[in-house]
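Visitor: Below you'll find the structure I mean.
All of the numbers you see were taken from the coordinates with simple rules; none came from a lab. The model shown is predicted, which means the values in this text are computed figures rather than measured ones. Cβ atoms come from the backbone with ideal geometry, glycine included; neighbour counts cover every protein chain shown.
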Amino acid sequence: YGGADYAYSQGVCYLLCIQAYIYEQCGCINPEEWSARSVVLPDKNTIVEAQLCQFANKCYSNATNRISSTISIWNQFCSHCTQGCSTVDFIITKSSASAPSIEYAYMAKKLVESRRNVTPTDWLTNWLSEV
């Protein structure tokens, strides 16, 4: 876009390479990362505007776990994500990175419910914000 100041980000590179792997495995991408829908297919130099996976389709979370825990897959899709050359300034932005993924949120919910005799009165409707 005209006048935009583009800069490399290792974090964004990781997000996009993971989305590319998910797309290759599932034919769709992680719906929680909906802003990263343009996927560059590896070895093809082709950009695809990917469909979002349905939340009920666990293919995307399984693929995310696989790429995150399998070094050979990670190297195939994400080895080009090097550190930035330099960092001059930082822009403070809100991030969901500090929040647990939906999968881990449900695991935390089960853990809290199994260990607490008493939960807040609005637990059933607001548990996600509590976790």
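Visitor: Using the per-residue mean of other Cβ atoms lying within 10 Å as a proxy for protection, in what order, highest first, do the peptides 35-42, 16-23, 66-73 fall?
Guide: Result, highest mean Cβ count within 10 Å first: 16-23, 35-42, 66-73.
Visitor: Please list, in chain and number order, the residues 5+ apart from residue 52 or on another chain whose amide H is under 5 Å from its amide H, with Hs placed from the backbone.
Guide: Long-range HN contacts for residue 52: 29.
Visitor: Now for a different question. Using a basic spin-label model with each label point 7 Å from the Cα along Cα→Cβ, how many nm lie between residue 110 and residue 44?
Guide: A separation of 3.6 nm, rounded to one decimal place.
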